[in-house]
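Here the structure is laid out as structure tokens; the discussion comes afterwards.
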Amino acid sequence: MKTALITGTNRGIGLDLTRQLLEDGWRVHATARDPEESAELKALAFAHPDTLQLHALDVADADAIRALSGQLADESIDWLINNAGIYGPRGVVFGNVHDVEAWLEVFHINSIAPMLIMQAFAEQVARSDEKKIGILSSKVGSMGDNGSGGGYIYRSSKAAVNAVIKSASIDLEPRGINVVALHPGWVLTDMGGPNAEITTAQSAEGLRRNMAGLSEADRGRFIDIDGTTIPW
């Protein structure tokens, strides 16, 4: 039985990824800041008592990340999926970028936390069969795809995590771990807004397909939801 660890599973894409992997027969370690606040996540745990384990985890808490790794020290994690992320302040345009603390918080969650999570669980991933790490990035972090400007806080946090992912894909190659950046599509979530193109279930399905199809040639790629490559 394959095992996944997914962050940010209380709603949206993370919740649907958890649900779909369970339906496929996986074991899942699902994290959220407060799993007890998600009725849907708790219902999944009730329906899958033997294959779903919930963990309270604030990805901004480095000590908590290390503690969870210690609890799961004997696990083999085939897929580590870092889904947790925040957008930060909206409507931030040139000339109105003043909230430095908010920018730092977005960087902490979107750029630094994925690195700490990879470091904490690299051993568990390395001993698994599939050895895959997928970090949810965003097409807005692409320099080559940026034709509209703006979005300084969120864009920069995703561009930064792309650099983290690329370096980790090189550093973890000797251990056989395949690290990629995954764009989830424009998704109907609180972050994506009401005009988005796909549902969270459709995004989760595409992400699963891309993770399942990873080969050595994909190491360090920035992968769109349709499987194509996004320019850095």
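The values are calculated or read from the model by the stated rules, or taken from the named source; none is laboratory data. Since the model is a prediction, treat every value here as computed from it, not as a measurement. All Cβ positions, glycine included, derive from the backbone under ideal geometry; neighbour counts span all protein chains shown. Protein only, heavy atoms only, side chains kept; ligands, DNA and RNA dropped before computing areas. Shrake-Rupley method; radii C 1.70, N 1.55, O 1.52, S 1.80 Å.
Return the total of residues in segment 199-225 being open to solvent by less than 10 Å² (accessible area, probe 1.4 Å), more than 24 Å from Glu23 (Cα to Cα) and of a type outside the set (A, V, I, L, M, F, W, C). Can you show your working first?
As a first pass, look at segment 199-225 and keep what is open to solvent by less than 10 Å² (accessible area, probe 1.4 Å): 203-204, 206-207, 211, 220, 222-223.
Filter once more, keeping what is more than 24 Å from Glu23 (Cα to Cα): 220, 222-223.
Now narrow it down to the ones that are of a type outside the set (A, V, I, L, M, F, W, C): 220.
Residues meeting the conditions: 1.
Among the residues of segment 162-186, those that are open to solvent by 10 Å² or more (accessible area, probe 1.4 Å) and of a type in the set (Val, Ile, Thr) comprise Val164, Ile170. Somewhere in segment 206-214, is a residue touching a Leu at 6+ places or on another chain (Cβ under 8 Å) and part of a loop (DSSP other than H, G, I, E, B)? No: zero hits. Leu54 satisfies every condition listed in (1) in a helix (DSSP H, G or I); (2) more than 16 Å from the chain's Cα centre (by Cα); (3) within 12 Å of Thr7 (Cα to Cα); (4) not acidic (Asp, Glu) except (1). Taking the criterion of being among the aliphatic types (A, V, I, L, M) and either free of Cβ contacts under 8 Å to residues at least 24 places away in the same chain or more than 22 Å from Leu104 (Cβ to Cβ) (or both), the residues of segment 151-180 that qualify are Ala159, Ala163, Ile170, Leu172, Ile177, Val179, Val180. All of Ser76, Ser69, Ser111 fail the test of being within 25 Å of Gln124 (Cβ to Cβ), more than 18 Å from the chain's Cα centre (by Cα) and hydroxyl-bearing (Ser, Thr, Tyr), apart from Ser76. Being closer than 29 Å to Gln202 by Cβ and touching a residue at least 40 places away in the same chain (Cβ under 8 Å) is the requirement here; does Gln53 meet it? Here the answer is no, as Gln53 does not meet what is asked.
For segment 195-202, indicate whether the set of residues that are in contact with a Ser or Thr (Cβ under 8 Å, 6 or more places away or on another chain), touching a residue at least 60 places away in the same chain (Cβ under 8 Å), part of a loop (DSSP other than H, G, I, E, B) and among the β-branched types (Val, Ile, Thr) is non-empty. Steps first, answer last, please.
Taking segment 195-202 and keeping what is in contact with a Ser or Thr (Cβ under 8 Å, 6 or more places away or on another chain), we get 196, 200.
This time we only want the ones that are touching a residue at least 60 places away in the same chain (Cβ under 8 Å), so: 200.
Those still in the list that are part of a loop (DSSP other than H, G, I, E, B) too: none.
No, segment 195-202 contains no residue that is in contact with a Ser or Thr (Cβ under 8 Å, 6 or more places away or on another chain), touching a residue at least 60 places away in the same chain (Cβ under 8 Å), part of a loop (DSSP other than H, G, I, E, B) and among the β-branched types (Val, Ile, Thr).
Take segment 149-184 and flag every residue that is at positive phi and polar (S, T, N, Q). Across segment 149-184, there are no qualifying residues. Exactly one residue out of Ala163, Ala102, Ala168 is assigned to a helix (DSSP H, G or I), more than 24 Å from Ser215 (Cβ to Cβ) and over 14 Å from the mean Cα position of the chain (by Cα): that is Ala102. Restricted to segment 6-21, and to residues there that are in contact (Cβ under 8 Å) with a residue 40 or more places away in the chain and of a type in the set (Val, Ile, Thr), the residue that is most open to solvent (accessible area, probe 1.4 Å) is Ile13.
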